[in-house]
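Participant: Before anything else, here's the structure in question.
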Amino acid sequence: MLEPLTTSLEKVFGFNTFRSGQAAALTALEAGQDTLAVLPTGAGKTLIYQLYGYRHPGCVLIISPLLSLMNDQVNRMHMAGFRRAAAINSLTSYSERQEILRHLGDYQFLFMSPEMLAQPQMLAQIKQLQLGLLVIDEAHCIVQWGPDFRPEYLLLGAIRSQLQQPLTLMLTATAGQTTRQEIAKQLRSQPQIVAESVDRPNIFLDVEHVENEPEKQERLTQLVGQMQGPGVVYFSSKQQATDTALSLQQQTGARVAAYHAGLSSEDRFKIQQQFMADQLDVICATSAFGMGIDKNDVRYVIHYHLPADFESYAQEIGRAGRDGQQSIAILLYASGDEQLPLMLGQANRPEAETIHRYYARPQAFSEEDAAIALLAFYRRHGISEAAVIQLFSRRERERNRALAQMLAYVREPHCLRHNWLQAFDEQSPEHQADCCAPAGMSPDLAQLGLLAKAKTAPVDSVDDWRARLHRLF
Amino acid sequence: MEAADLLALLDQQQFRRLRVIENLLRERKTVSTLYWGQRYHLLYLVGLAKKLPRGALDAPARELQQRGFITVGETPDQIRLSPAGQAAQAQTRYYQPQTQATWSQLDLMAARQRILLAVQVVSQYAHSTKRYYPLTTDLETRQAVRRWFYQVKSARLSEQTFVSLQKSLEQLPEATASVVTALFTGYQQPGLTAEQLAREQQRTPWEITLMQLDGVMQIAGDAQAEDQPLTRLLRSVWRSPVTRSAQQTLAAMGQGRSLEQIAAARRIKPSTAREHLLEAAILLPRDQFPYDWILTPTMRQEFANVLTGPIDDWQYTAMPQALQDRYAFFYFRLYAIWCDKRGVEDA
């Protein structure tokens, strides 16, 4: 007979009560039910599988899409006292991978990228394990990324069958009805759904229209100069994140750094830690930043570029105000901004004509082209030409629909929150002054208490190195 | 790497090949790359940027060309400083590494990783923190540091580490010591990134890296010279600049066997054996290579008669046919290396 869930919670984490959704998910899993947990960022999704792993024998295998995040996750497991945790992905060196594989049976928690798990030799090794729980982290990526960038996610259903349908926990912060159905369908599961509202009442929603790029830059500078940090500004391009970080620092005097997947792991570590230690006011980031950042007092999230869909938008603004204090999410929009996500979406999408020619003579094409590599992947997995064409056109319709939804949000004249929650099939509370400011209305930052209180100290500078060294030890 | 970094690696007289510099940084150690690396006095760059993409120096080179700082030689790949470039190079106070002569004897990147993680671990230990995010490093570094930490852990560890680090850093210029310290991560000090320091010090990120490597070399060298906490951690990152395989060929040579015998015994092609010897000749000091056994006095005399002028201008195919028939390219190249090492003035 297992001890009560709360007893384990107390023992392992020292907490008395679960946050909403955690207990329901654990109860469903312990009843042998596959579970799809839709819990907002910061709700403590990791705790669900940590505690399950603590209470049950067997390995917890976590499939996670973000390579750069995986090592962080392992570190967090270590921090929480779970020593037997490791990660295998394409960034893992050959010798390290061999080392982990030699001790595969000893791990309690194993993190793996979908492409790694899709390799036949790896899958064969995993089949030998006694799997206690399969976790699909960031499960919305099955829908968002699958056909475009991560074809391996589409194989997860088949892989799950090959693993004899282990008990599965699907985790995501945001998923409307369509996304939920799609996740369940792809994974060939009928999960019990545990969902909490995506609404974050303490985040004020704001959309601002600007004329053009220079005006957008100017408005951003103004906002960063005025508002109380810490804040995060999201960009769709690494270069623009880097350039803007520099110009913001020069123009506002705020302490700003860029964060994106192009940085070395050492730099990512330092920037994250500086931000956590309040040595930075603003991070100019790409979507690589966020997952796994435990900072409760982020006061604002600004989007410089239009996100491709509501799921990513909700994820990213969810970094604000995790302490429950008043915060704000601002989306800057200039007409034509939708071209960028459209272009990014089409970059990897081959035309029907190309698909046809490829299937007729695959050997005539180079797989160095991302779009061709994707076709080659489908062909190798026995997906027919007709099915592929259909897949891409369906995917395109979905993308367009998602983008149209974002645009409707940008153009929403009455209540942004209503518009937003509707996209997730949720009811919204009555619109009030402190709820949102659709385009044309400006938020009263003073009223919201979001204006900067005092100038922050300058960037941690290189003082006397002896003193600095001494402080370290 | 930026244009300023490339500028610092160029010369006003010698045409230098961009691809050679790139291959040195990327650790593509062919004999030709090593030979020219030696001729350019840039061998210390070997393996400093293993992940540098191919062609990464093309854009900086274009920029230098647009600013009129370089002139191009016979092929577009060969460049040297123009008078304006020479003036620009002289004006900038570009960082000159102090310890680069010994860089090839240490796996610098591994040493750097180990030192950074060890500093973090000891710093957190000094402040009695048990739970913190460790720097992300490869498994080998993590294991080495963990083993080391359990061996040296004591009440005096942090004090000893502090004292020896301070002593090492004092051997370096103040600015270098500052940079090395600011890059450390530890208790309540996330540390600055090279990019942040570069901005603050008005240097390039690559210069900051060179400064840090100076620190790493100094710390490792001192730890080797006298017993201190880091000694054990860094013992295994010292290495010969010559690959193991080339060392074996060289050792066999020392036993007085001919090239063909060595190749047969080691089951390698004679051409591979020759490459091993050239690699060793380039990377080792002159007294550690048996030049006298291979380059006979007659051979040297015959080469000396026809090979005059700057070494860089010597061409095997320009020698008289009879000489080419007598001596393979290997001997020609080895003679050039020998002359280079003797410091024969390029007349």
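Participant: Within region B:291-331, count every residue that is within 18 Å of B:V31 (Cα to Cα), open to solvent by less than 100 Å² (accessible area, probe 1.4 Å) and assigned to a loop (DSSP other than H, G, I, E, B).
Facilitator: Of the residues in that region, 2 qualify.
Participant: Would you tally the residues in region A:279-303 being out of contact with any Lys or Arg (no Cβ under 9 Å at 6 or more places or on another chain) and within 12 Å of another protein chain (Cβ to nearest Cβ)? Give the steps one after another, and end with the answer.
Facilitator: Let us first name the residues in region A:279-303 that are out of contact with any Lys or Arg (no Cβ under 9 Å at 6 or more places or on another chain), namely A:283-285, A:287, A:291, A:299-300, A:302-303.
Narrowing further to those that are within 12 Å of another protein chain (Cβ to nearest Cβ): none.
Adding up the residues that qualify gives 0.
Participant: If a residue must be under 23 Å from B:R232 (Cα atoms) and either more than 11 Å from chain A (Cβ to nearest Cβ) or surrounded by fewer than 17 Cβ atoms within 10 Å (Cβ to Cβ) (or both), how many such residues does region B:165-204 contain?
Facilitator: 4
Participant: Let me ask you something else. Take the residues of region A:99-116 that are farther than 16 Å from A:A158 by Cβ and in contact with a Phe, Trp or Tyr (Cβ under 8 Å, 6 or more places away or on another chain): which is most open to solvent (accessible area, probe 1.4 Å)?
Facilitator: Residue satisfying both the conditions and the ranking: A:Q108.
Participant: Ok, one more. Assess whether B:Y150 counts as being among the aromatic types (F, W, Y), touching a Ser or Thr at 6+ places or on another chain (Cβ under 7 Å), more than 8 Å from every other protein chain (Cβ to nearest Cβ) and farther than 23 Å from B:T99 by Cβ.
Facilitator: On the way: among the aromatic types (F, W, Y): yes; touching a Ser or Thr at 6+ places or on another chain (Cβ under 7 Å): no; more than 8 Å from every other protein chain (Cβ to nearest Cβ): yes; farther than 23 Å from B:T99 by Cβ: yes.
The answer is no for B:Y150.
Participant: Moving on to the next point. Determine whether A:D72 is more than 9 Å from every other protein chain (Cβ to nearest Cβ), among the acidic types (D, E) and either within 19 Å of B:Q143 (Cα to Cα) or buried (at least 21 other Cβ atoms within 10 Å of the Cβ) (or both). Lay out the reasoning, then the answer.
Facilitator: Details: more than 9 Å from every other protein chain (Cβ to nearest Cβ): no; among the acidic types (D, E): yes; either within 19 Å of B:Q143 (Cα to Cα) or buried (at least 21 other Cβ atoms within 10 Å of the Cβ) (or both): yes.
No: the conditions fail for A:D72.
Participant: Right, something else. When the residues of region B:205-244 are narrowed to those that are surrounded by fewer than 23 Cβ atoms within 10 Å (Cβ to Cβ), among the small types (G, A, S) and in contact with a Ser or Thr (Cβ under 8 Å, 6 or more places away or on another chain), which ends up farthest from the other protein chains (Cβ to nearest Cβ)?
Facilitator: B:G221
Participant: Taking the conditions exactly as written (away from chain B (no Cβ under 14 Å), modelled with pLDDT under 90 and out of contact with any helix residue (DSSP H, G or I) (no Cβ under 6 Å at 6 or more places or on another chain)), does A:S264 satisfy them or not? It would help to see each step written out before you state the result.
Facilitator: Details: away from chain B (no Cβ under 14 Å): no; modelled with pLDDT under 90: yes; out of contact with any helix residue (DSSP H, G or I) (no Cβ under 6 Å at 6 or more places or on another chain): yes.
So A:S264 fails the test.
Participant: Of the conditions (1) open to solvent by 60 Å² or more (accessible area, probe 1.4 Å); (2) over 30 Å from A:L220 (Cα atoms); (3) not polar (S, T, N, Q), A:P362 clears all except one; give me its number.
Facilitator: Going through (1) open to solvent by 60 Å² or more (accessible area, probe 1.4 Å); (2) over 30 Å from A:L220 (Cα atoms); (3) not polar (S, T, N, Q) one by one, A:P362 breaks only (1).
Participant: Out of all the residues in region A:79-92, is one or more surrounded by fewer than 16 Cβ atoms within 10 Å (Cβ to Cβ) and touching a strand residue (DSSP E or B) at 6+ places or on another chain (Cβ under 6 Å)?
Facilitator: Checking region A:79-92: not a single residue is surrounded by fewer than 16 Cβ atoms within 10 Å (Cβ to Cβ) and touching a strand residue (DSSP E or B) at 6+ places or on another chain (Cβ under 6 Å).
Participant: Next question, about the same structure. Among the residues of region B:153-164, what is the count of those that are open to solvent by less than 60 Å² (accessible area, probe 1.4 Å), more than 29 Å from the chain's Cα centre (by Cα) and within 10 Å of another protein chain (Cβ to nearest Cβ)?
Facilitator: As a first pass, look at region B:153-164 and keep what is open to solvent by less than 60 Å² (accessible area, probe 1.4 Å): B:154, B:157-158, B:161-162, B:164.
Applying the additional criterion that residues be more than 29 Å from the chain's Cα centre (by Cα) yields B:154, B:157-158.
With the extra rule that they be within 10 Å of another protein chain (Cβ to nearest Cβ), the set shrinks to B:157-158.
Total satisfying the criteria: 2.
Participant: Does region A:78-99 include one or more residues that are out of contact with any Gly (no Cβ under 7 Å at 6 or more places or on another chain), acidic (D, E) and within 14 Å of chain B (Cβ to nearest Cβ)?
Facilitator: yes
Participant: Taking B:I268 and the conditions (1) surrounded by fewer than 16 Cβ atoms within 10 Å (Cβ to Cβ); (2) assigned to a loop (DSSP other than H, G, I, E, B), which numbered condition does it fall short on, given that it satisfies the others?
Facilitator: The one condition B:I268 does not meet is (1).
Participant: Does region A:278-309 hold any residues that are hydrophobic (A, V, I, L, M, F, W, C) and modelled with pLDDT under 90, and which are they? Step through it out loud before you land on a result.
Facilitator: To start, the set of residues in region A:278-309 that are hydrophobic (A, V, I, L, M, F, W, C) comprises A:280, A:282-285, A:288-289, A:291, A:293, A:298, A:301-302, A:306, A:308.
A:A288, A:F289, A:M291, A:I293, A:A308 - these are the residues of region A:278-309 that are hydrophobic (A, V, I, L, M, F, W, C) and modelled with pLDDT under 90.
Participant: I would also like to ask the following. What tally of residues in region A:319-338 results from selecting those that are within 16 Å of A:L205 (Cβ to Cβ) and open to solvent by less than 30 Å² (accessible area, probe 1.4 Å)?
Facilitator: The total comes to 10.
Participant: Which count do you get for residues in region B:55-76 that are surrounded by fewer than 17 Cβ atoms within 10 Å (Cβ to Cβ) and assigned to a loop (DSSP other than H, G, I, E, B)?
Facilitator: 8
Participant: Okay, moving on. Which one of these is over 23 Å from the mean Cα position of the chain (by Cα) and in contact (Cβ under 8 Å) with a residue 40 or more places away in the chain: B:Q124, B:Q89, B:Q100? Break it down into steps so the answer makes sense when it comes.
Facilitator: Working: B:Q89 fails: over 23 Å from the mean Cα position of the chain (by Cα); B:Q100 fails: over 23 Å from the mean Cα position of the chain (by Cα).
Among B:Q124, B:Q89, B:Q100, only B:Q124 is over 23 Å from the mean Cα position of the chain (by Cα) and in contact (Cβ under 8 Å) with a residue 40 or more places away in the chain.
Participant: Right, here's the next one. Take B:Q120 and tell me if it is at pLDDT 95 or above and facing chain A (nearest Cβ under 10 Å).
Facilitator: Numbers: at pLDDT 95 or above: yes; facing chain A (nearest Cβ under 10 Å): yes.
Taking the combined requirement at face value, the residue satisfies it.
Participant: Same structure again: Name the residues in region A:170-181 that are of a type outside the set (V, I, T) and surrounded by fewer than 19 Cβ atoms within 10 Å (Cβ to Cβ), would you? Give the derivation first.
Facilitator: So in region A:170-181, the residues of a type outside the set (V, I, T) come out as A:170-171, A:173, A:175-177, A:180-181.
If the condition is that a residue be of a type outside the set (V, I, T) and surrounded by fewer than 19 Cβ atoms within 10 Å (Cβ to Cβ), then A:Q177, A:Q181 are the ones that fit.
Participant: Within the bounds of region B:14-24, is there any residue that is more than 19 Å from the chain's Cα centre (by Cα) and open to solvent by 60 Å² or more (accessible area, probe 1.4 Å)? Don't jump to the end; show me each part of the working.
Facilitator: First, the residues of region B:14-24 that are more than 19 Å from the chain's Cα centre (by Cα): B:14-15.
Now drop any that are not open to solvent by 60 Å² or more (accessible area, probe 1.4 Å), which leaves B:15.
Yes: one or more hits.
Participant: Quick one: would you say A:T17 is touching a residue at least 24 places away in the same chain (Cβ under 8 Å), away from chain B (no Cβ under 14 Å), of a type in the set (S, T, Y) and open to solvent by 30 Å² or more (accessible area, probe 1.4 Å)? Before you say what the answer is, go through the steps one by one.
Facilitator: On the way: touching a residue at least 24 places away in the same chain (Cβ under 8 Å): no; away from chain B (no Cβ under 14 Å): yes; of a type in the set (S, T, Y): yes; open to solvent by 30 Å² or more (accessible area, probe 1.4 Å): yes.
Criteria not met by A:T17.
Participant: Consider region A:452-473. How many of its residues are more than 10 Å from chain B (Cβ to nearest Cβ) and modelled with pLDDT of 90 or more?
Facilitator: Counting residues in region A:452-473 that are more than 10 Å from chain B (Cβ to nearest Cβ) and modelled with pLDDT of 90 or more gives 0.
Participant: Please go through region A:29-51 and give me each residue that is surrounded by 21 or more Cβ atoms within 10 Å (Cβ to Cβ) and assigned to a helix (DSSP H, G or I), ordered by number.
Facilitator: Passing the criteria: A:L29, A:K45, A:I48, A:Y49, A:Q50, A:L51.
Participant: Residues of region A:217-236 being hydroxyl-bearing (S, T, Y) and either open to solvent by less than 10 Å² (accessible area, probe 1.4 Å) or in contact with a Phe, Trp or Tyr (Cβ under 6 Å, 6 or more places away or on another chain) (or both), which ones? Steps first, answer last, please.
Facilitator: Within region A:217-236, the subset hydroxyl-bearing (S, T, Y) is A:221, A:234, A:236.
Correct list: A:Y234 only.
Participant: I'd like to check something: does region A:201-214 contain any residue that is under 28 Å from A:G53 (Cα atoms) and without any contact (Cβ under 8 Å) to a residue 24 or more places away in the chain?
Facilitator: Pass one, region A:201-214, residues under 28 Å from A:G53 (Cα atoms): none.
Checked region A:201-214: no residue is under 28 Å from A:G53 (Cα atoms) and without any contact (Cβ under 8 Å) to a residue 24 or more places away in the chain.
Participant: In this structure, is A:Q119 out of contact with any Phe, Trp or Tyr (no Cβ under 9 Å at 6 or more places or on another chain) and over 22 Å from A:A288 (Cβ atoms)?
Facilitator: Spelling it out, A:Q119 is indeed out of contact with any Phe, Trp or Tyr (no Cβ under 9 Å at 6 or more places or on another chain) and over 22 Å from A:A288 (Cβ atoms).
Participant: Would you mind stating whether B:A281 is hydrophobic (A, V, I, L, M, F, W, C), surrounded by 16 or more Cβ atoms within 10 Å (Cβ to Cβ) and under 30 Å from the mean Cα position of the chain (by Cα)?
Facilitator: Taking the combined requirement at face value, the residue satisfies it.
Participant: Among B:Q105, B:Q96, B:Q91, which is closer than 19 Å to B:I208 by Cβ and surrounded by fewer than 18 Cβ atoms within 10 Å (Cβ to Cβ)? Before you say what the answer is, go through the steps one by one.
Facilitator: Numbers: B:Q105 fails: closer than 19 Å to B:I208 by Cβ; B:Q91 fails: closer than 19 Å to B:I208 by Cβ.
Exactly one residue qualifies, and that residue is B:Q96.
Participant: Now for a different question. From the list B:T137, B:T92, B:T99, which one is within 29 Å of A:R255 (Cα to Cα) and more than 13 Å from chain A (Cβ to nearest Cβ)? Reasoning before the result, please.
Facilitator: Values: B:T137 fails: more than 13 Å from chain A (Cβ to nearest Cβ); B:T99 fails: within 29 Å of A:R255 (Cα to Cα).
None of the other options fit; the residue is B:T92.
The values are calculated or read from the model by the stated rules, or taken from the named source; none is laboratory data. No experiment lies behind these values; they were computed from the predicted model shown. Every residue, glycine as well, gets a Cβ built from its backbone with ideal geometry; the counts of neighbours run over all protein chains shown. With ligands, DNA and RNA removed, areas are computed over all heavy atoms of the protein, side chains included. Shrake-Rupley method; radii C 1.70, N 1.55, O 1.52, S 1.80 Å.
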